[in-house]
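Asker: Please read through the structure below; I'll follow up with questions.
The values are calculated or read from the model by the stated rules, or taken from the named source; none is laboratory data. Just so we're clear, the structure is a prediction, and the values are computed from it rather than from any experiment. We place every Cβ from the backbone using ideal geometry, glycine too, and count neighbours over all the protein chains shown. Accessible surface areas use protein heavy atoms only, side chains included; no ligands, DNA or RNA. Shrake-Rupley method; radii C 1.70, N 1.55, O 1.52, S 1.80 Å.
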There are 2 protein chains.
Amino acid sequence: MEYFYSNAISDNTITLSQEESHHCINVLRHKSGDIINVCGGDGTLYKCEIISATSKGVNARILSAEGGYDHQHYRLRMCVAPTKNIDRFEWFLEKATEMGVDRITPLLCDHSERKVLKTERARKIVLSAAKQSLKRVLPQVDELTGFADVIAQTAGNPNDYELKYIAFCDPDYLKSEINTIISENTPLPADVTIMIGPEGDFSPKEIQTAIQAGYTPLSLGPARLRTETAALVSVAALYIRFASFSRQK
Amino acid sequence: MEYFYSNAISDNTITLSQEESHHCINVLRHKSGDIINVCGGDGTLYKCEIISATSKGVNARILSAEGGYDHQHYRLRMCVAPTKNIDRFEWFLEKATEMGVDRITPLLCDHSERKVLKTERARKIVLSAAKQSLKRVLPQVDELTGFADVIAQTAGNPNDYELKYIAFCDPDYLKSEINTIISENTPLPADVTIMIGPEGDFSPKEIQTAIQAGYTPLSLGPARLRTETAALVSVAALYIRFASFSRQK
């Protein structure tokens, strides 16, 4: 099913962004009076009638709204240090969106080789992947955020329905194994946050800071994984764990 | 640890390929008398002394051999239709190698848009990923193989230690869920074969043929996944399932 994303909603009218309007009018040739589907980005799907259509902006009247689409049994926030080779991070953005992620926070760490990120480009990749894989919930992509700021946002001991993990290589820590945290014998978490470091891994100070902030050290198994692969394995683990649950929705 | 791959072994001497010799001599500056590590590609690691070194070919005397490296608790064969955009298939080759796969068979299917594949290039990508992730077992990459030929190679009902799956979209089939086949309550399989179709999916005839040949229909969950993502989710599922088992080795 073809649809567009917009959360610009007021007075029962939805306005599409310039990019989405261009796609709607110039690419798909829609015009006033056409019925289109618009995702609010929060899982709500709106059936709308186009009331004014220019490639600068499409306005559509909401005819009906249905919620609860594409609900996952967990909310996943991935905090990942962008890779030096940006292709690798962008590939992760696409794959994570396909499998299902709610929020991606690009991390700036002590050992980060990449210290700048074009957030708009990252968001376009996520939007494109979300449309291609028919996601009704558009993942949020944050600006590049310092490690300490993310810790400050997420500090505090997790409750029974919250899991916070930091994955790193140092073998001198006792860690939870990825396959045990997604075991069917583990209660369903509501909120999962996973931190993945840069090529040079997290610094010892960052690891200590995260643990003090309530993060559990996480092992992603015995393989030597690149940053973007470690992040992918984390997203895949939760996707696979809850695959059949999600299907029931 | 730095090492090279070669299965050219005779009379206690290992010969490196021209490419590996170039890496050994011109890049890493090794010379006669140096001690190097060579992987046989089967999990055996050889400690060798270089006895003759030219960029055309390095000969080394085997001093010692240790087996059983990088043993996985399963052997995974992925039969995947290469994507129209070859970059996507090459991403899969790299990521599957990082996570662990034993054999990759590029599939030629009824709906394949890509009908040719540069196998040598695919093997170089796998070799490079195997070295980067310190794999001791080099995944085998087959030539592009017709669907019927793979079925002929793998026909017959699987035994208790063998799993054969074909993943496809048609919802009218009863399928095994990816998260149940990797459940800790499922016995450890020894051999797993998973077939992933092209962008246009397997044809109804191919699906019937596979099922008659003992393949079980497989669901990879509710998300709409691209070919290479479906293949990655399959590899990740087994990697994650056996992560801590592998660690014990």
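Asker: Rounding to the nearest 20 debye, state how big the charge dipole of the protein assembly as shown is about its Cα centre with +1 on each Lys and Arg Cβ and -1 on each Asp and Glu Cβ.
Answerer: Computed about the Cα centre, the dipole is about 660 debye.
Asker: Given region B:40-194, what percent of its DSSP beta bridges are antiparallel, to the nearest 5?
Answerer: Antiparallel: roughly 35 percent of the beta bridges in region B:40-194.
Asker: Regarding region A:135-249, what's the average projected area of the Cα-atom convex hull, expressed in nm²?
Answerer: Projected over every direction and averaged, the Cα hull of region A:135-249 covers 8.1 nm².
Asker: Peptide A:172-179: average number of partner chain Cβ atoms within 10 Å per residue?
Answerer: 3
Asker: Another one. Mind checking Rg over Rh on region A:87-126, alpha carbons, Kirkwood formula for Rh?
Answerer: Using Cα coordinates only, the ratio equals 0.97.
Asker: Cα extents of chain A along the three principal axes, largest first, in whole Å?
Answerer: For chain A, the Cα extents along the three principal axes come out at 64, 39, 30 Å.
Asker: Out of all DSSP beta bridges with both ends in the protein assembly as shown, state the antiparallel percent to the nearest 5.
Answerer: Around 40 percent antiparallel, to the nearest 5.
Asker: When only C-alpha pairs under 8 Å and at least 6 residues apart count, what is the relative contact order of region B:4-66, in percent?
Answerer: 36
Asker: Sticking with this structure for a sec: When only Cα pairs under 8 Å and 6 or more residues apart are kept, what is the percent relative contact order across region B:95-164?
Answerer: 43
Asker: Counting just the Cα atoms, what span does region B:12-152 cover along each of its three principal axes? Round to the nearest Å and put the largest first.
Answerer: 54, 32, 25
Asker: For the protein assembly as shown, just list the percent of Cα-Cα distances falling in each 20 Å bin from zero outward, please.
Answerer: In order of increasing distance, the bins hold 21, 52, 24, 3, 0 percent.
Asker: May I ask for the distance between the Cα centers of region B:73-127 and region A:209-242, given as a whole number of Å?
Answerer: 25
Asker: Right, another one. Under a Cβ-only charge scheme (Lys and Arg +1, Asp and Glu -1), can you give me the dipole magnitude of region A:4-66 about the Cα centre, in debye to the nearest 20?
Answerer: 240
Asker: Separate question: Pairs of alpha-carbon atoms within less than 8 angstrom and 6+ residues apart define the contacts here; what relative contact order does region B:64-184 have, in percent?
Answerer: 25
Asker: Right, here's the next one. For residue A:19, what accessible area in Å² do you get when you roll a 1.4 Å probe over the heavy atoms of the protein chains, rounding to the nearest 10?
Answerer: Ignoring ligands and nucleic acids, residue A:19 comes out at about 90 Å².
Asker: Reachable aspartates and glutamates from residue A:47, Cα under 13 Å, same-chain residues fewer than 8 places away excluded?
Answerer: A:2, A:34, A:66
Asker: Which whole number gives the average, over all residues in B:103-109, of C-beta atoms from other chains lying within 10 Å of the residue C-beta?
Answerer: Mean number of neighbouring Cβ atoms from other chains: 0.
Asker: Sticking with this one: Which of the lysines could a cross-linker bridge to residue A:118, judged by Cα under 30 Å and excluding same-chain residues fewer than eight apart?
Answerer: Hits, sequence-local ones excluded: A:56, A:84, A:95, A:131, A:135, A:164, A:205, B:84, B:95.
Asker: Using only the Cα atoms, what convex hull volume per residue in Å³ does region A:1-47 have?
Answerer: Considering the Cα atoms of region A:1-47, their hull volume per residue is 80 Å³.
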